[in-house]
Amino acid sequence: MSSNVETTELFELELPLPDAAIQARSERLVGFDARYERLRRDLRLLADPEELSRWSKKHHHKELSLCAAIGDRYPLVIFSGDVGTGKTVTAEAASDRIARETNQDAMIFKLSTRVRGSGKVGEMSTLLNHAFQVVAKQAGKSRRAFLIIDEADSLAAARDAAQSHHEDKVAVNTIIQRIDDLRRHGGRVLVFLRTNRGGALDPAVVRRAARIEQFDRPDEREREELFRLDLDGLVLRDEVFRDLVRLTGPQEARLGFTYSDIRTKLLPHALCFAFPSRPLTGDDLIQAARDVRSSPEVRDI
Ligand SMILES: Nc1ncnc2c1ncn2[C@@H]1O[C@H](COP(=O)(O)OP(=O)(O)OP(=O)(O)O)[C@@H](O)[C@H]1O
Ligand SMILES: [Mg+2]
């Protein structure tokens, strides 16, 4: 494979873990600790087969065949769900947490959508192969590597879909082969595949997932938690929170707000009423909740 492909063409993020900024972000994620707690055992089983072997010897006085069976799983986790519900940030935060808990240096890579290439025959699978090679090599060096594949629906779409082109089919085959190969690394490479439309993913990719985690728009309790977290330090009456939670819930003509609708649209909109001349008030927030629209749903197929 040509070594003249720059890794900056392949990855939009390439970062050593643990990382303080990712950790700080994870502390501002509603529900992250509970979700990580649910994912944790599974992720640790995938990421650390030696830990499983130690458990087996300690509690069963030998290496159970179960350990080998578990080792046959594919190091692939699928995060599926609506836009702006935290799939990407959770994949980053979970990788950071595993690196901390296992006390091992690691690298996190986020595959760039540029691997789709410019449409030349074979280009996409060449770039994908190269990206997986870089990640596997890194795991050899720094013990552990995480690969986040965002927009997976555009790379791993079902091969029998009517609109699937030859190049796309080759790309899906490449991803499947590379994920199969990653099993050789004994859990040192873990792939997070993020999709808005789980139903559009190729069944052969889906069946390889050791775990499929669903992400949804926040419910009332989660929206309240997000508002209380982000508006900490302001003196606001409880009724303001109640109104914000109600106004950002599902309405007749639209869905409820996503986490990112609240964080990246509603709150900045409210702030713009006040900044830079006066303090932010509850009325600003309520007005913003009335003005801003929630993201439309990405339809699954
Ligand atoms: N659980 C959460 N708590 C607080 N904020 C959140 C949460 N989930 C997402 N956000 C906010 O929404 C933003 C978008 O999150 P993220 O990019 O992970 O969404 P996504 O599910 O990957 O969306 P997409 O499918 O559009 O890529 C984050 O930067 C963060 O500010
Ligand atoms: Mg995302």
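Remarks
- Each residue, Asp291 and Ala253, gets one label point 7 Å from its Cα in the Cβ direction; the gap between the two is 1.8 nm.
- Rounded to 10°, Cα long-axis angle of helix 123-142 versus longest principal axis of the chain: 80
- Taking the longest Cα principal axis of the chain as reference, the axis of helix 282-291 is set at about 60 degrees.
- Residues Lys87, Lys120, arranged from fewest to most other Cβ atoms within 10 angstrom of their Cβ, appear as Lys120, Lys87.
- Euclidean distance between Cα centres, the range 229-244 to the range 163-219, Å: 40
- Using alpha-carbon coordinates, inclination of helix 166-182 to the longest axis of the chain, degrees: 70
- Alpha-carbon centroids, the range 111-149 and the range 6-54: separation in whole Å: 19
- Short-range pairs are left out: with C-alpha atoms under 8 Å and at least six residues apart, the relative contact order of the range 179-260 is 29 percent.
- Taking Lys169, Lys58 and counting other C-beta atoms within 10 Å, the order from fewest to most: Lys58, Lys169
- Computed from the Cβ-Cβ distance with R0 of 41 Å, the FRET efficiency linking His59 to Ser154 stands at 0.40.
- When Phe241, Phe11, Phe146 are arranged by Cβ crowding within 10 Å, least crowded first, meaning fewest neighbours, the order is Phe241, Phe11, Phe146.
Values in this text are rule-based calculations from the coordinates and carry no lab data. All values derive from a computational prediction rather than experimental measurement. Note: ideal-geometry Cβ built from the backbone for every residue, glycine included; neighbour counts use all protein chains shown.
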